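Each remark here refers to the structure printed beneath this line.
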């Protein structure tokens, strides 16, 4: 199985990227492509720029999705929505292929320092991603990242760790039954 993994953030210290990397430890036997949104930097989307053509990076983003079997992503929440970096990549890619996620099974996550764990962006994504070709199989939201996650040890809250492990195993089962 080929996994595409990314954080919906351009931060060099992204806590969502840390969550993705932690989850990927449960997929050691799989081929993993962990991408960085900074490798897909494009001008801010506008119809005027679209008329001039699409950036190569938008095509590259769609290509890495095409080449994977499943997607694991964790969305950063900025002002109760997607980060500008993710939204821009998504906007450009969706103008090329409205089914950006190409019907790939997805483990969708979010985390934040606050008590809602990126719940606003999670709820938005759960509503809209399926309209853009995401087959969301499982979701996980980690609240209070800095209280519940250690950069060396990973997820240190036992209840949350158990919940995440259960969701990962369920995701694996759901994906295998589709093979």
Report summary line: Cβ density ranking, 10 Å radius, fewest first, applied to 168, 15 yields 168, 15
Query raised in the report: Of the residues 43, 105, 130, which exhibits the maximal mean-square fluctuation in a Gaussian network model of the chain defined by a 10 Å Cα contact cut-off?
Result: 43
Report summary line: Note on the stretch 109-179: alpha-carbon gyration tensor, axes a ≥ b ≥ c; rule is a/c under 1.5 for rounded, else prolate if a/b larger than b/c, else oblate; result oblate
Query - Relative contact order (percent, whole number), the chain, Cα cutoff 8 Å, 6+ residue spacing - result: 22
Query raised in the report: Once both axes come from the Cα atoms, what is the angle between helix 15-24 and the longest principal axis of the chain, in degrees from 0 to 90, rounded to 10?
Result: 70
**Report entry** Three-way shape call for the stretch 1-72 based on the alpha-carbon gyration tensor, with the a/c threshold at 1.5
**Finding:** oblate
**Report entry** Helix axis angle, 119-128 relative to the chain longest principal axis, alpha carbon, degrees
**Finding:** 50
Report summary line: Highest mean packing first, using Cβ neighbours within 10 angstrom, the peptides 20-28, 51-59 sort as 20-28, 51-59
Report task. Please find, in a Gaussian network model of the chain (springs between Cα atoms separated by less than 10 Å), the residue of 145, 128, 86 whose mean-square fluctuation is greatest. Result -> 128
**Report entry** Degrees between helix 158-178 axis and first principal axis of the chain (Cα, 0 to 90, nearest 10)
**Finding:** 50
Report task. Enter the Cα centre distance for the pair the stretch 23-56 and the stretch 69-109, rounded to the nearest angstrom. Result -> 9
Query raised in the report: Which FRET efficiency value, to the nearest 0.05, is calculated for residue 123 and residue 152 with the Förster distance at 35 angstrom and r the Cβ-Cβ distance?
Result: 0.65
Query raised in the report: What does the convex hull of the alpha-carbon atoms of the chain project to on average, in nm²?
Result: 9.8
Report summary line: In nm, the gap between the two label points placed 7 Å beyond Cα toward Cβ at residue 144 and residue 162 is 1.7
Report task. Report the extension gain between residue 38 and residue 26 in nm, rounded to one decimal, defined as 0.36 nm multiplied by the number of residues separating them, less their alpha carbon distance. Result -> 1.8 nm
Report summary line: Which of 100, 70, 47 fluctuates most in a GNM of the chain (C-alpha springs under 10 Å)? That residue is 47
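Using the Cα gyration tensor of the stretch 21-119, with a ≥ b ≥ c the square roots of its eigenvalues, what is the shape: rounded (a/c below 1.5), prolate (a/b larger than b/c) or oblate (neither)? The partial results should precede the final answer.
Working: a/c = 2.24, a/b = 1.29, b/c = 1.74.
Verdict is oblate for the stretch 21-119.
Calculated from DSSP H runs of 4 or more alone, at -39500 (n - 2.57) each and per residue, what is the 222 nm mean residue ellipticity of the chain, nearest 500?
-12000 deg cm²/dmol
Read the figures in this text as sums done on the coordinates, not as results from a lab. Bear in mind the structure is a predicted one, so any value in this text is a computation, not a measurement. Quick reminder, even Gly has a Cβ in these numbers, built from the backbone with ideal geometry, and neighbours come from all protein chains shown.
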